[in-house]
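All remarks here apply to the structure that follows.
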2 protein chains.
Amino acid sequence: MANVITPRAKDSPQWYLDIVKEAGLADNSDVRGCMVIKPTGYAIWEKMQRGLDRMFKDTGHVNAYFPLFIPMSYLAKEEEMAEGFAKECAVVTHYRLKAEKGQPLKVDPTAELEEPLIVRPTSETIIWRTYKDWIQSYRDLPILVNQWANVVRWEMRTRLFLRTTEFLWQEGHTAHANQQEAEEETLRMVNVYKAFAEEFMAMPVMVGPKSEGQKFPGAIYTLCIEAMMQDGKALQAGTSHFLGQNFAKAFDCSFQNEKGQREFAWATSWGASTRLIGGLIMTHSDDNGLVCPPRLAPVHVAIVPLGRTDAERAPAIAAAEKLAAELRGLPRDDFFSYEPITVKIDVMFDKQPGYRYAEHELRGVPVRVEIGPKDLEKQACAVARRDVPGKEGKQFGIPLDGATAHINTLLRDIQASLLKKAKAYRDAGLKTADTYAEFQEKLELGGFVAAHWDGTRETEDKIQAETKATIRCIPFAENGLEVAPGSCMVTGAPSKQRVLFARAY
Amino acid sequence: MANVITPRAKDSPQWYLDIVKEAGLADNSDVRGCMVIKPTGYAIWEKMQRGLDRMFKDTGHVNAYFPLFIPMSYLAKEEEMAEGFAKECAVVTHYRLKAEKGQPLKVDPTAELEEPLIVRPTSETIIWRTYKDWIQSYRDLPILVNQWANVVRWEMRTRLFLRTTEFLWQEGHTAHANQQEAEEETLRMVNVYKAFAEEFMAMPVMVGPKSEGQKFPGAIYTLCIEAMMQDGKALQAGTSHFLGQNFAKAFDCSFQNEKGQREFAWATSWGASTRLIGGLIMTHSDDNGLVCPPRLAPVHVAIVPLGRTDAERAPAIAAAEKLAAELRGLPRDDFFSYEPITVKIDVMFDKQPGYRYAEHELRGVPVRVEIGPKDLEKQACAVARRDVPGKEGKQFGIPLDGATAHINTLLRDIQASLLKKAKAYRDAGLKTADTYAEFQEKLELGGFVAAHWDGTRETEDKIQAETKATIRCIPFAENGLEVAPGSCMVTGAPSKQRVLFARAY
């Protein structure tokens, strides 16, 4: 395969789409804005699901499933939500088609629903309608439920994984007996996302609340994780909302508290989606294709036996099979979510070695092992790491007896190296600006710009209109940035702390 | 808790609904025909997914994801499918709502779709439209893809898990270079379902093709697994369809074969759904509640420490925690899909022991361990197995030192015993009939009735109209039933073999 990836430096959006396509991650479908997630892309999603799901369960959550359809009147009950999602709703109005011989298939006009159904854009309303039946007393709380589901938000401009009409996600919806517990949960879950982003995706993130202008419709406040892509644009990668009593009030969901009084329940919701796959791609990949952290890689190791004749190939294949069996047989552990290491033996002998290597690089396989006749003379193999392209990342003469342990260690090292590298990139791009002119200048360089802001929607809107930058988050002190007061770079009014601006996906 | 389950002998449908409700498996929602799958029900589904998914992958399949929406014109391309599903389709006609201050939320009439979208009732059409782009040459085949998804079939009469408007399922869609491979796949996958039903669900099944009248719309033939519920009614639990070239032709999906000729690809599809949870309940449960095979149980072991005073309770709780830690720490193995054993320690000391025991029985926990002051004097515990209710299934004096191994073995024994018991029940109910009068008489007793049938749709329809029984399958010889020719019990015309009739869900 010739290298089919447009260089990132030349055209970053095309580079992204080339990787999505050529690494077999996703395709556009004929259905406007809906994507087909191809096997390699879906395998990454499965591993993300497994990692996140384990973290949710370790923090006391269980999964459940709620209806795809939401009666229009439910959405109307929470005004901000209705306004926030009205323009993106797919609406089911009929429940039957008419198929008559010789006639074109059509919607049956006699089968109109009394009340239109919305395909869920998010499930707060249907879930809080359900919780009303589940919650009678403080003893029924907390409810700590998550749902893995598809959702639909009608989008006019879409981009694979990053913005699609239908996407896959998880949405946690919890109910609590008091405000403090709900706020603790909101914070706990944004930290789960942070841990997942860093430990599984090797993607460092900034954590903090959104500004009022960027929060979720219906939330009191929204906490988020924000990552920095290699093109200098930010990506919101997960959000956790403190919803107060808004949804409990909208659905009359009250409970008897310990003092015997009726009280509305306190809510949170939190979600992360297949958008994460877009973030993964843009954080690590290079001009050779996908770079995937080992913990999320569909294939961990590609073994490439080499040889010009059958006589040369047979022992190479045998050695490859032996190594593959050893790798697959390693004890399962938490690092790989108790799944075996996945090994692919490449038998594309009709292709040149260079083509074969490029193919595995394109698909982001973290480790490639080459076994040729000369290696076998020394009972050895060559091991190449995907995160360090070229000769620098390739070690020759690794003894076959011991290669399994070497590769197992290498996979863990690649995971750690990717995070370190991404963090160094992100931090190098992080700038501060004290004046609006300085801000505009630094914004052009990409990356987060930390600047003082007066806290008003008006100033936020003005900055966005003039620079296309948005406030990504008001960073917590835990991010390691200084939290100190100052003056708004635009109005000069007092500011409690610098906030992080960036252009974003 | 008083026993809240209607006895099965008194009212089997109510017994079923009581278990679904009281064991916390599912609820009806306000959205017509759509259910809420509650945490315990969903935990069973997750374990089913994990077991099936492993089997799919072990047979070479990968997962992918295709759009929720299907353009109406796609459905129209395959005539049988259009006719088969037209009356059950949820139709999206608009993509926006109108939210104006002070006005009720409404569908925006200016946002009507040019072409209505169907919420997928099954995905053959959208997938074969996609495969057209994936398949150019025989080298692209086979495609062995599965999808985990929600589907919608508008149902007028619904019953939790067994028949709902929205349900969760998996649908495999494979493409092959020739008929033989596709037929082999069709058979392979029905056998995967059989293995899953028996090994995980402990639910014995009959395997064979459906009659023409019962096959899937668009299929050449349909293979199925059929289980027998405790009320004598059959349940179709999984189907595998040989689709021939129907969908490839409908979507113009041809490839260049090894001889350089264009040929249409050969297709299969196969699916199993949350309906399996209904089958699980009706196969094993009793008047005390859910009985769940250990391999699919959300909680494997409930430990009930006992004591009247804090001084009595403290050592019981400590012993419970020690035992729980030992059980959770057992090496992970294939039997439990490489997940740890799940243990719940019951601290409902404000309830009587009998209430506490009943609660775990209701929820189908396979093993209950009781640890009270008298047990502790002997450093022992009592161990009760859910599948054998009452004293018969309870062993006293199991030494705490060794209880972990005892329980681990017991869980495996329960799994095997449930299958054996269900098989004995199914086989005891299996009858043969040689005349139509005998058939009608035996049908009233419940269970499968093996009878000769002339192979015509007309006779099949007549039997169904008169007896409500349908042909569940034309059993393969592998089921152990005699396959020999005879004469149709209704018309006397020749019959190749007995087929299995039953009333069914």
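Can you tell me how many residues within the range B:113-153 are touching a residue at least 60 places away in the same chain (Cβ under 8 Å), in a loop (DSSP other than H, G, I, E, B) and either outside the structural domain of B:GLU83 (by TED's automatic domain parsing) or of a type in the set (Ser, Thr, Tyr) (or both)?
Counting residues in the range B:113-153 that are touching a residue at least 60 places away in the same chain (Cβ under 8 Å), in a loop (DSSP other than H, G, I, E, B) and either outside the structural domain of B:GLU83 (by TED's automatic domain parsing) or of a type in the set (Ser, Thr, Tyr) (or both) gives 1.
For the subset of the range B:439-455 comprising residues that are touching a residue at least 12 places away in the same chain (Cβ under 8 Å) and more than 16 Å from B:ASP231 (Cα to Cα), which member is nearest to the chain's Cα centre (by Cα)?
B:ALA450
For residues that are at the interface with chain B (Cβ under 7 Å from one of its Cβ atoms) and charged (D, E, K, R), scanning just the range A:71-107, find the one that is farthest from B:VAL119 (Cα to Cα).
A:GLU83
Could you list, in sequence order, all residues of the range A:187-207 that are of a type in the set (Gly, Ala, Ser) and surrounded by fewer than 23 Cβ atoms within 10 Å (Cβ to Cβ)?
Selection gives A:ALA195 alone.
Scan the range A:264-282 residue by residue and report those that are touching a residue at least 24 places away in the same chain (Cβ under 8 Å) and farther than 19 Å from A:GLN49 by Cα.
The answer is A:ALA265, A:TRP266, A:ALA267, A:THR268, A:MET282.
For residues that are farther than 30 Å from A:GLU114 by Cβ, within 8 Å of chain A (Cβ to nearest Cβ) and not small (Gly, Ala, Ser), scanning just the range B:58-70, find the one that is surrounded by the most Cβ atoms within 10 Å (Cβ to Cβ).
Only one residue fits best here, namely B:PHE66.
Among the residues in the range B:100-118, are any buried (at least 20 other Cβ atoms within 10 Å of the Cβ), under 25 Å from B:GLY172 (Cβ atoms) and either of a type in the set (S, T, N, Q) or modelled with pLDDT of 95 or more (or both)?
Yes, the range B:100-118 contains a residue that is buried (at least 20 other Cβ atoms within 10 Å of the Cβ), under 25 Å from B:GLY172 (Cβ atoms) and either of a type in the set (S, T, N, Q) or modelled with pLDDT of 95 or more (or both).
Can you name the number of the only condition in (1) part of a helix (DSSP H, G or I); (2) touching a residue at least 12 places away in the same chain (Cβ under 8 Å); (3) of a type outside the set (Gly, Ala, Ser) that B:LYS420 fails?
Condition (2) is where B:LYS420 drops out.
Could you list, in sequence order, all residues of the range B:330-344 that are assigned to a loop (DSSP other than H, G, I, E, B) and in contact with a strand residue (DSSP E or B) (Cβ under 8 Å, 6 or more places away or on another chain)? It would help to see each step written out before you state the result.
Of the residues in the range B:330-344, the ones assigned to a loop (DSSP other than H, G, I, E, B) are B:330-333, B:337-342.
Passing the criteria: B:ILE341, B:THR342.
Assuming A:THR467 fulfils every condition listed in (1) out of contact with any Cys (no Cβ under 6 Å at 6 or more places or on another chain); (2) at negative phi; (3) buried (at least 18 other Cβ atoms within 10 Å of the Cβ) apart from one, which condition is it?
With (1) out of contact with any Cys (no Cβ under 6 Å at 6 or more places or on another chain); (2) at negative phi; (3) buried (at least 18 other Cβ atoms within 10 Å of the Cβ) applied to A:THR467, the lone miss is (3).
Taking the range B:113-126 as the search range and keeping residues that are β-branched (Val, Ile, Thr) and at the interface with chain A (Cβ under 9 Å from one of its Cβ atoms), which one is nearest to B:GLN245 (Cα to Cα)? So that I can check it myself, show each step before the final result.
Step one: list which residues in the range B:113-126 are β-branched (Val, Ile, Thr), which gives B:118-119, B:122, B:125-126.
Then drop every residue that is not at the interface with chain A (Cβ under 9 Å from one of its Cβ atoms), which leaves B:118-119, B:126.
Details: B:ILE118: 23, B:VAL119: 24, B:ILE126: 15 Å.
Top of the filtered list is B:ILE126.
Please verify whether the range B:406-428 includes one or more residues that are in contact with a helix residue (DSSP H, G or I) (Cβ under 9 Å, 6 or more places away or on another chain), over 18 Å from B:GLU226 (Cβ atoms) and hydroxyl-bearing (Ser, Thr, Tyr).
So far as the range B:406-428 goes, no, none of its residues is in contact with a helix residue (DSSP H, G or I) (Cβ under 9 Å, 6 or more places away or on another chain), over 18 Å from B:GLU226 (Cβ atoms) and hydroxyl-bearing (Ser, Thr, Tyr).
Given the criterion not in a strand (DSSP E or B) and not polar (S, T, N, Q), identify the matching residue among A:PHE242, A:PHE216.
Checking each option against the conditions leaves just A:PHE216.
Results for (1) under 21 Å from A:SER269 (Cα atoms); (2) of a type in the set (Val, Ile, Thr); (3) over 12 Å from the mean Cα position of the chain (by Cα), shown as yes or no for each residue.
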| site | (1), (2), (3) |
| --- | --- |
| A:GLU155 | no, no, yes |
| A:THR158 | no, yes, yes |
| A:ALA177 | yes, no, yes |
| A:GLU181 | yes, no, yes |
| A:ARG188 | yes, no, yes |
| A:LYS194 | yes, no, no |
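Go over the candidates A:PRO217, A:PRO209 one by one and state the one that is more than 18 Å from A:PHE161 (Cα to Cα) and either acidic (Asp, Glu) or touching a helix residue (DSSP H, G or I) at 6+ places or on another chain (Cβ under 6 Å) (or both).
That would be A:PRO217, the only listed residue that is more than 18 Å from A:PHE161 (Cα to Cα) and either acidic (Asp, Glu) or touching a helix residue (DSSP H, G or I) at 6+ places or on another chain (Cβ under 6 Å) (or both).
Is it fair to say B:VAL347 is closer than 12 Å to B:ALA316 by Cα, within 14 Å of chain A (Cβ to nearest Cβ) and not in a helix (DSSP H, G or I)?
Considered against the rule, which asks whether it is closer than 12 Å to B:ALA316 by Cα, within 14 Å of chain A (Cβ to nearest Cβ) and not in a helix (DSSP H, G or I), B:VAL347 comes out as yes.
Inspect all residues belonging to the range A:304-324 and state whether any of them is more than 30 Å from the chain's Cα centre (by Cα), among the β-branched types (Val, Ile, Thr) and in a strand (DSSP E or B).
yes
Any residue that is at pLDDT below 95 and surrounded by fewer than 22 Cβ atoms within 10 Å (Cβ to Cβ) - is there at least one of those in the range B:143-155?
yes
Condition check: facing chain A (nearest Cβ under 9 Å), touching a residue at least 12 places away in the same chain (Cβ under 8 Å) and within 18 Å of A:ALA149 (Cα to Cα). Does B:GLN170 satisfy that?
Working: facing chain A (nearest Cβ under 9 Å): no; touching a residue at least 12 places away in the same chain (Cβ under 8 Å): yes; within 18 Å of A:ALA149 (Cα to Cα): yes.
For B:GLN170, the condition - facing chain A (nearest Cβ under 9 Å), touching a residue at least 12 places away in the same chain (Cβ under 8 Å) and within 18 Å of A:ALA149 (Cα to Cα) - is not met.
Do we have B:ASP252 as on the phi < 0 side of the Ramachandran plot, surrounded by fewer than 24 Cβ atoms within 10 Å (Cβ to Cβ) and not β-branched (Val, Ile, Thr) here?
When the stated conditions are applied, B:ASP252 does not pass them.
Answer with yes or no whether B:PRO305 is under 30 Å from B:LYS233 (Cα atoms), crowded, with 24+ Cβ neighbours inside 10 Å and not assigned by TED's automatic domain parsing to the domain that holds B:MET228.
Numbers: under 30 Å from B:LYS233 (Cα atoms): no; crowded, with 24+ Cβ neighbours inside 10 Å: yes; not assigned by TED's automatic domain parsing to the domain that holds B:MET228: yes.
Answer is no for this residue.
Determine, yes or no, whether A:THR110 is in a loop (DSSP other than H, G, I, E, B), more than 10 Å from every other protein chain (Cβ to nearest Cβ), within 25 Å of A:THR239 (Cα to Cα) and among the polar types (S, T, N, Q). Talk me through it step by step, then tell me what you get.
On the way: in a loop (DSSP other than H, G, I, E, B): yes; more than 10 Å from every other protein chain (Cβ to nearest Cβ): yes; within 25 Å of A:THR239 (Cα to Cα): no; among the polar types (S, T, N, Q): yes.
Answer is no for this residue.
If a residue must be in a loop (DSSP other than H, G, I, E, B) and under 19 Å from the mean Cα position of the chain (by Cα), how many such residues does the range A:31-80 contain?
The total comes to 3.
Which number in (1) buried (at least 19 other Cβ atoms within 10 Å of the Cβ); (2) in contact (Cβ under 8 Å) with a residue 40 or more places away in the chain; (3) under 30 Å from B:GLU339 (Cα atoms) marks the one condition that A:ALA324 misses?
Among (1) buried (at least 19 other Cβ atoms within 10 Å of the Cβ); (2) in contact (Cβ under 8 Å) with a residue 40 or more places away in the chain; (3) under 30 Å from B:GLU339 (Cα atoms), A:ALA324 violates only (2).
Has the range B:194-201 got at least one residue that is part of a loop (DSSP other than H, G, I, E, B), touching a Leu at 6+ places or on another chain (Cβ under 7 Å), closer than 23 Å to B:GLY429 by Cβ and modelled with pLDDT of 95 or more?
Yes; the residues of the range B:194-201 include at least one that is part of a loop (DSSP other than H, G, I, E, B), touching a Leu at 6+ places or on another chain (Cβ under 7 Å), closer than 23 Å to B:GLY429 by Cβ and modelled with pLDDT of 95 or more.
A:GLU83 fails exactly one of the following numbered conditions: (1) assigned to a helix (DSSP H, G or I); (2) surrounded by fewer than 22 Cβ atoms within 10 Å (Cβ to Cβ); (3) at pLDDT 95 or above. What is the number of that condition?
So the condition that A:GLU83 fails would be (3).
Output the residue which, of all residues in the range A:1-57 that are over 29 Å from A:LYS194 (Cα atoms) and within 12 Å of chain B (Cβ to nearest Cβ), is surrounded by the fewest Cβ atoms within 10 Å (Cβ to Cβ).
This residue is A:ASP30.
Checking the structure you have, find out if any residue of the range A:198-218 is touching a Phe, Trp or Tyr at 6+ places or on another chain (Cβ under 8 Å), small (Gly, Ala, Ser) and under 30 Å from A:ASP334 (Cβ atoms).
yes
The values are calculated or read from the model by the stated rules, or taken from the named source; none is laboratory data. Since the model is a prediction, treat every value here as computed from it, not as a measurement. Every residue, glycine as well, gets a Cβ built from its backbone with ideal geometry; the counts of neighbours run over all protein chains shown.
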